[in-house]
Amino acid sequence: MPPASRVAGLLTGRVTDASYAAGWAVVRSLPEGSARRLFDAGADLAWRRGGKGTDRLRRNLARVAPEADLDELTRAALRSYARYWLEVFRLPVTSKAAIVDGMRAVNEERARAAVASGRGVIFALPHSGNWDHAGAWFAATGVPFTTVAERLKPESLYDRFLDFRASLGMEVLPMTGGARPPFDVLTERLAAGRTVCLMADRDLTPRGVDVDFFGSVARMPAGPASLALKTGAALIPVHLAFRPEGWQVTFYDEVPPTDVPTMTQVMADRFAVGIRQHPADWHMLQRLWLDDLDPHDPRR
């Protein structure tokens, strides 16, 4: 008989998965206006109550928008994060026309030219706006791509998100536990001239690269620059933001191929431009800067 802790873990996992499934079903069935008011109310409740994630978000926003009204910015950021989840739940019932017509693409020609070149393209993104909607927009406009996702617990919840993203036209590789290391698969995809999209604004592991970010040292993943140097693919930083009735994607200039630390710093600088312009849409509820870690944390 399995130990009680394992049984409890299995039960918790099933409850979590069932909750997400129920949320998906209920939010899709509600009128969009009613669902938005419900999610805004939840965000406002989180803002009033505070808590670990809200407090961390507030401290992160203080770094990127020091002149802002921090109370109002934090509230707006929580509403933005709630909007992300609302739209993820509703994506299966969002029409292709709404996905495409609602997107304002800035410097789109850069992205299309890079994809058409056949070199392979790496689009690197911070956790801003709605990356699932952006992925659906890419796929709907003729750019299927490969990405990497962290495994969620329980496994059934991870499978649910995997199936959902695959239905939008994404090939999703597990960060861990796959048949092959994701770096090897991404290298193959890029060598074949395909497109890769990677979330790239946080990596506190020893594999991350130290960068100057809003005046302090943060750590971001080496993968985008490493893949670009290994395959010759174009590395293009991207920023996503919300508009009142839609979305915006901004494509920055290709990062010149030099070395991993230099390229990662350029990527971070491009991210900073977008985040500075749209701080409320940056969903960073975790530690990012090294001086926010405990003094005895080995990651420092």
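None of the figures in this text is laboratory data; all of them are computed from the coordinates on show. In this text the structure is predicted, and so the values were computed from the model without any measurement. So basically every Cβ, Gly included, is an ideal-geometry build from the backbone, and we count neighbours across all protein chains shown.
Once every DSSP H run of n ≥ 4 in the chain is given -39500 (n - 2.57) and the sum is divided by its residues, what mean residue ellipticity at 222 nm do you get, rounded to the nearest 500 deg cm²/dmol? It lands at -16500 deg cm²/dmol. Compute the Cα gyration tensor for the stretch 27-75, then decide on rounded, prolate or oblate, letting a ≥ b ≥ c be the square roots of its eigenvalues: rounded whenever a/c is under 1.5, prolate when a/b is larger than b/c in the other cases, and oblate in all that remain. Since a/c reaches 1.5 and a/b is larger than b/c, the shape of the stretch 27-75 is classed as prolate. Phi angles of the stretch 237-246 translate, via the Karplus equation with coefficients 6.51, -1.76, 1.60 and θ = phi - 60°, into HN-Hα couplings of x, 9, 10, 10, 8, 8, 10, x, 10, x Hz per residue; Gly and Pro are given as x. Between 172, 258, 68, the Cα set farthest toward the positive side of the dipole of the stretch 4-292 (charges on each charged residue's Cβ, about the Cα centre) is that of 172. When every Cα-Cα distance of the stretch 4-292 is counted in 10 angstrom steps from zero, the calculated P(r) takes the values 6, 26, 36, 25, 6, 0 percent. Extension gain residue 183-residue 96, at 0.36 nm per residue separation less the Cα-Cα distance, in nm? Taking 0.36 nm per residue and subtracting the Cα distance, the gain is 28.2 nm.
Starting from the stretch 110-199, pick out the GluC sites (Glu not before Pro) whose DSSP state is loop and whose Cβ has at most 14 other Cβ atoms within 10 Å. Here the sparse-neighbourhood loop sites are 150. Please go through the stretch 26-72 and write out the GluC sites (Glu not before Pro) that DSSP classes as loop and that have at most 15 other C-beta atoms within 10 Å. Answer in residue order: 67.
Once the C-beta distance of residue 72 and residue 140 is scaled by a Förster radius of 45 Å, the resulting FRET efficiency is 0.85 to the nearest 0.05.
Cβ-to-Cβ counts within 10 Å put 34, 216 in ascending order as 34, 216, the fewest first. Rounded to the nearest angstrom and listed largest first, the equivalent-ellipsoid semi-axes of the stretch 43-197 from its Cα gyration tensor are 30, 20, 17.
Annotation: extensible slack from residue 55 through residue 286 equals 82.2 nm (criterion: 0.36 nm per residue apart, minus Cα-Cα distance). A Förster distance of 22 Å, applied to the separation of the beta-carbon atoms of residue 230 and residue 210, puts the FRET efficiency at 0.55. In this structure the amide hydrogen of residue 106, modeled in the peptide plane, comes within under 5 Å of the amide hydrogens of 249, 250, 251, none closer than 5 places in sequence on its chain. With neighbour counts taken as other beta-carbon atoms within 10 Å, the residues 199, 220, 284 rank, fewest first, as 199, 284, 220.
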